[in-house]
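Below is one structure, written out as structure tokens, with a few remarks after it.
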Amino acid sequence: MKTDNIERIERYLRGQMTEDEAAAFEQDVRQDAELRDEARATARMIKEMRRQRAEQAQEIVEDVQAAVNAPAAASEIPFDVDVPAAAARRSAAKVASANPFARFMKYAASIAVLLCLSLGGLHFYGTNKTSKLFAQNYQTLELTASRGNGQAAMELKELFDKIGTTDGKELGLTIYQLQQAYKQTRTSYDYGEYIYDIQWYMALGYLKKNELGKARQLLSQIIQENYSDNPYLPRAIALYEEIHNLYFL
């Protein structure tokens with residue numbers, strides 16, 4: 001899948017296009033079978049993600065509802081309890097339980113807290129797992145002028161190193177520069193000699209930036225091309241499967 005297509009599809013599905021951009025995209029989808037298939041696959045993936053998250057949220061709601069509706073466990077009053085204070089607490093609890101609005105607010109608050117904890121925990125897990133995957137797969141690459149010219153090797157070496165050392169906007173800029181270099185692989189022998197390296201490090205950049213959908217699409221391209229001389233092919237297959245197991249695409 002072309003990187004430009006990925007970005008256009010995601011922007012369209014997120015409603016980030018202007019009316020003119022959306023109209024042009026829809027026209028391209030009607031005329032380009034490959035783009036149409038890519039858009040359908042991406043839409044199915046997003047739909048499946050939303051379904052899984054909805055199921056997780058429903059499970060939390062059902063657990064909270066069961067807990068709220070469960071009868072309180074009977075217990076004897078210990079001898080050291082302040083009996084008048086305990087009676088006052090029981091009376092307040094009785095009034096609260098008789099008030100439907102109070103019960104609803106308690107129920108809603110419980111759901112909100114559990115949802116925040118659950119989704120926050122899942123996000124932390126996903127981000128933490130992504131960082132570990134990146135650390136396991138990234139390594140610096142020694143490039144020589146044996147492939148292409150020395151200038152291309154030095155330029156790409158600097159970009160590959162930045163993938164491992166930068167974050168935030170600078171990482172986004174580095175990925176963009178790799179995208180431009182990748183485009184030149186089609187017309188320039190000097191860059192074409194490094195096409196496998198560019199693909200791999202660009203995928204790692206997406207992984208580090210937590211843009212797992214883009215990382216998967218690029219890894220899928222490496223796998224589908226299945227070139228026997230691509231040294232990154234086994235690692236691309238393994239990393240693709242690891243990312244497939246994460247929920248944050």
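Since every read-out is calculated from the coordinates, none of them should be taken as a lab result. Here the structure is a predicted model, which is why all the values come from computation and not from measurement. Heads up, the Cβs are rebuilt from the backbone with ideal geometry, glycines too, and the neighbour counts pull from every protein chain shown.
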**Message:** Give me the one-decimal nm value for the distance between modelled label points at residue 184 and residue 241, 7 Å along each residue's Cα-to-Cβ direction.
**Reply:** 3.6 nm
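Report the calculated FRET efficiency for residue 140 and residue 173 (r = Cβ-Cβ distance, R0 = 22 Å), to the nearest 0.05.
Efficiency, from the Cβ-Cβ distance: 0.70.
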**Entries of 132/214; 47/132; 157/214; 129/157 with Cα pairs more than 25 Å apart** = 47/132; 129/157
**Message:** Taking the Cα centre as origin and putting +1 on Lys and Arg beta-carbons and -1 on Asp and Glu beta-carbons, what dipole magnitude results for region 124-244, to the nearest 20 debye?
**Reply:** 380 debye
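Calculated FRET efficiency, residue 51 and residue 151, Cβ-Cβ r, R0 51 Å, to nearest 0.05? Display every interim value, and only then the final one.
Working: r = 49 Å, r/R0 = 0.97.
For R0 = 51 Å, the calculated efficiency reads 0.55.
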**Message:** Give me a comma-separated list of calculated 3J(HN,Hα) values for region 130-135, in order, Karplus coefficients 6.51, -1.76, 1.60 applied at θ = phi - 60°, integers in Hz, x for any Gly or Pro.
**Reply:** 4, 4, 5, 4, 4, 4
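Express the relative contact order of region 124-244 as a whole percentage, based on alpha carbon pairs under 8 Å and six or more residues apart in sequence.
On the way: 119 pairs, mean separation 28.2, N = 121.
Value for region 124-244: 23 percent.
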**Request:** Grab the beta carbon distance between residue 28 and residue 62, set R0 = 45 Å, and tell me the FRET efficiency rounded to 0.05.
**Result:** 0.55
**Asked** Which ³J(HN,Hα) values in Hz, rounded to whole numbers, follow from the phi angles of region 15-20 under the Karplus curve 6.51 cos²θ - 1.76 cosθ + 1.60, where θ = phi - 60° and Gly and Pro get x?
**Response** x, 9, 8, 6, 4, 5
